[in-house]
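Trainee: The structure follows.
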Amino acid sequence: MSVKVFPCDLCGHDDPVEVPYVRFYTNNQPVHICRKCGFVYVRERRSAKEIADTWSNELFGEIYTSAWPAVKARLLYVAEFVDSTVGLKGKRVTEIGGGEGAFLELISRHYGAEVFGVEPSGQNCRAMNAKGLECFQGTIEEYAASGNPADFDLAAILWTLENCMSCRDMLAAAHGLLKDDGHIVVATGSRILVPFKKPLDYYFSANPADTHAFRFSANTLRAMLAVCGFAPLHINRYIDTDYLVVVAGKRPEGVEIEWKGDDYLAVYDFFERWHKESLHYRTGET
């Protein structure tokens, strides 16, 4: 197993501070906050393939499945949001980390999209094939390197951008698969710098930390899209839902987009307060 230490994926700064009390929840694994832009990330990570293999062989199915009602609900939410903003009918859509094909099947059957999945798990690819869905078995980096043309109207990364080795590499690969007027939708959990929505031990876990290497706020997700060649266009009302969803278009070449991160002290204080609130929830102590 090879492990590499990374600087901040958003701004490149390399002077982070640990999320307070995080080792209490992660079996002593650190997670960091960038002091310059407030991005929350795991510094020590294995290769993209090793992380994908952990998801395929150990976590998917036991820890996560699209068969859960809550997962079905959030995929429908994303489909409705995308359809209401940039439209799905007649669009050629790829989902990066297609899982068992639940989202692709939904938008194909009910929204008229032409769909294609990219998924590392052989078991999940077989599940997609059983539903009549076309897919590529492998990581998005492997698919991008296979020389396929940039002919998609939309790339979907749903609760997956946070689970890879390099969010920049994943977004760069998605950028290369899109037409010039194409769009991307990224969905993740709305958890940072918003009202607490669940105890902290439901947010962190003892799973390998690099299987959830990035944790986004609204600011840092839009910023990450901007530095990776996208212009954020639409964002959902994340403040009162569990979902953070951003639709972005490909940024015209040569055009820079201003972005802002978060105050790292505000992020640090947020996690400190969340820890105390979580302990009170669990024990009734203040």
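Trainee: Which ones in segment 201-238 are in contact with a Phe, Trp or Tyr (Cβ under 7 Å, 6 or more places away or on another chain), farther than 24 Å from residue 79 by Cβ, buried (at least 17 other Cβ atoms within 10 Å of the Cβ) and of a type outside the set (A, V, I, L, M)?
Mentor: 204, 211, 220
Trainee: Which count do you get for residues in segment 243-286 that are outside any helix (DSSP H, G or I), surrounded by 15 or more Cβ atoms within 10 Å (Cβ to Cβ) and not acidic (Asp, Glu)?
Mentor: 12
Trainee: Can you name every residue in segment 87-133 that is crowded, with 19+ Cβ neighbours inside 10 Å and in a loop (DSSP other than H, G, I, E, B)?
Mentor: Selection gives 88, 91, 97, 98, 99, 100, 101, 113, 120, 121, 133.
Trainee: Please name all residue pairs, on different chains or six or more residues apart, with Cβ atoms under 7 Å, provided the first residue is in segment 185-200 and is surrounded by fewer than 22 Cβ atoms within 10 Å (Cβ to Cβ) and the second residue is small (Gly, Ala, Ser).
Mentor: Partner pairs satisfying both residue conditions: 193/217; 193/266; 199/278.
Trainee: Another question about this same structure. Out of (1) assigned to a helix (DSSP H, G or I); (2) surrounded by fewer than 22 Cβ atoms within 10 Å (Cβ to Cβ), the odd one out for residue 136 is which?
Mentor: (1)
Trainee: Given (1) within 30 Å of residue 259 (Cα to Cα); (2) over 17 Å from the mean Cα position of the chain (by Cα); (3) part of a helix (DSSP H, G or I); (4) in contact (Cβ under 8 Å) with a residue 40 or more places away in the chain, where does residue 50 come up short, assuming only one miss?
Mentor: It fails just one condition, (1).
Trainee: Please find, within segment 223-242, the residue that is nearest to residue 161 (Cα to Cα) out of those that are in contact with a helix residue (DSSP H, G or I) (Cβ under 6 Å, 6 or more places away or on another chain) and in a strand (DSSP E or B).
Mentor: 232
FYI, it's all coordinate maths here, none of it is from the lab. Just so you know, these numbers come straight off a predicted model, no measurement behind them. Backbone-built Cβ (ideal geometry, glycine too); neighbour counts: all protein chains shown.
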